[in-house]
Amino acid sequence: MPQARMQISPDQGQFMALLVRLMQAKKAIEVGVFTGYSSLSVAMAMPEDGKLIACDVSEEYTAIAQKYWNLAGMSDKIDLRIAPAIETLDQLLQDQAGTFDFAFIDADKANYANYYDRVIQLVRSGGLILIDNVLWSGRVADASDSDKIVNTIRAFNTKLAQDERVLITILPIADGLTLALKK
Ligand SMILES: C[S@@+](CC[C@H](N)C(=O)[O-])C[C@H]1O[C@@H](n2cnc3c(N)ncnc32)[C@H](O)[C@@H]1O
């Protein structure tokens, strides 16, 4: 499909699965599902009683995701929430703050800071937050590039670098992946 480039790469999926397995994560959240590849990578790495809350606004994309979650026998592990992710995250904050082991943020870039501000509260101490596309094809490093989305991601990267609640590293895998470990 024409939007296929939105999907994470197989090597990134494998890396995320390894992290989930390493942490023995049982409770995870994803912001930005698309056709379900990253959610499947995470869900398959979790134990039988693992749960992934998957947030997206698109019925069309997530219908495809649901098909593949079913085929992989992962549907019982994945709780799809169709709504603007900020609403879902705010709902979860009412009674599930500090309970998530793992989070992956990969939706609309303009809201990255809004997602992060909520997800950081949902994740437990020692939990891990991954954020995708933080290098934006390397453009964040080009000082002459003042495109709006590039500036948004730059500002977001600076925000995380200054956030004392987390330890971070940016990996130049795929389109740039930040790992933020909550202290
Ligand atoms: C880059 S894609 C996600 C790719 C997915 N993680 C994967 O690897 O296949 C971004 C997704 O964010 C969703 N999205 C965009 N705006 C959103 C919002 N406000 N709330 C929730 N999801 C949103 C889009 O529908 C799209 O499926």
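The values are calculated or read from the model by the stated rules, or taken from the named source; none is laboratory data. No experiment lies behind these values; they were computed from the predicted model shown. Ideal geometry is used to build each Cβ from the backbone, glycine not excepted, and the neighbour counts take in all protein chains shown. Remember, those area values only see protein heavy atoms, side chains included, never the ligands or the DNA or RNA. Shrake-Rupley method; radii C 1.70, N 1.55, O 1.52, S 1.80 Å.
The residues of the stretch 102-135 that are over 19 Å from Phe34 (Cα atoms) and among the acidic types (Asp, Glu) amount to a single one, Asp117. Looking only at residues of the stretch 4-27 that are among the aliphatic types (A, V, I, L, M) and either open to solvent by less than 10 Å² (accessible area, probe 1.4 Å) or not in a helix (DSSP H, G or I) (or both), we find that the one that is farthest from the ligand (Cβ to nearest atom) is Ala25.
The numbered conditions (1) more than 14 Å from the chain's Cα centre (by Cα); (2) in contact (Cβ under 8 Å) with a residue 24 or more places away in the chain; (3) on the phi > 0 side of the Ramachandran plot are all true for Met44 except (3).
Test Ser125 against the criterion of being polar (S, T, N, Q), more than 23 Å from Arg154 (Cα to Cα) and in contact (Cβ under 8 Å) with a residue 12 or more places away in the chain, and give yes or no. Spell out how you get there, then give the answer.
Working: polar (S, T, N, Q): yes; more than 23 Å from Arg154 (Cα to Cα): yes; in contact (Cβ under 8 Å) with a residue 12 or more places away in the chain: yes.
Taking the combined requirement at face value, the residue satisfies it.
Is one or more of the residues making up the stretch 61-80 within 25 Å of Ile149 (Cβ to Cβ), out of contact with any Leu (no Cβ under 9 Å at 6 or more places or on another chain) and not basic (Lys, Arg)? Give the steps one after another, and end with the answer.
So in the stretch 61-80, the residues within 25 Å of Ile149 (Cβ to Cβ) come out as 61-62, 65.
Keeping just the survivors that are out of contact with any Leu (no Cβ under 9 Å at 6 or more places or on another chain) gives 61.
Subset that is not basic (Lys, Arg): 61.
Checked against the condition, which is being within 25 Å of Ile149 (Cβ to Cβ), out of contact with any Leu (no Cβ under 9 Å at 6 or more places or on another chain) and not basic (Lys, Arg), the stretch 61-80 yields at least one hit.
For the stretch 120-135, what are the residues that are open to solvent by less than 60 Å² (accessible area, probe 1.4 Å) and touching a helix residue (DSSP H, G or I) at 6+ places or on another chain (Cβ under 9 Å)? Talk me through it step by step, then tell me what you get.
From the stretch 120-135, those open to solvent by less than 60 Å² (accessible area, probe 1.4 Å) are 120, 122-123, 126-135; that's our starting set.
Across the stretch 120-135, the qualifying residues are Leu122, Gly126, Gly127, Leu128, Ile129, Leu130, Ile131, Asp132, Asn133, Val134, Leu135.
Assess whether Arg154 counts as being open to solvent by 20 Å² or more (accessible area, probe 1.4 Å), farther than 21 Å from Glu30 by Cβ and outside any strand (DSSP E or B).
Numbers: open to solvent by 20 Å² or more (accessible area, probe 1.4 Å): yes; farther than 21 Å from Glu30 by Cβ: yes; outside any strand (DSSP E or B): yes.
It is true that Arg154 is open to solvent by 20 Å² or more (accessible area, probe 1.4 Å), farther than 21 Å from Glu30 by Cβ and outside any strand (DSSP E or B).
Does Met1 count as more than 12 Å from the ligand (Cβ to nearest atom), touching a residue at least 24 places away in the same chain (Cβ under 8 Å) and not small (Gly, Ala, Ser)? For Met1, the condition - more than 12 Å from the ligand (Cβ to nearest atom), touching a residue at least 24 places away in the same chain (Cβ under 8 Å) and not small (Gly, Ala, Ser) - is not met.
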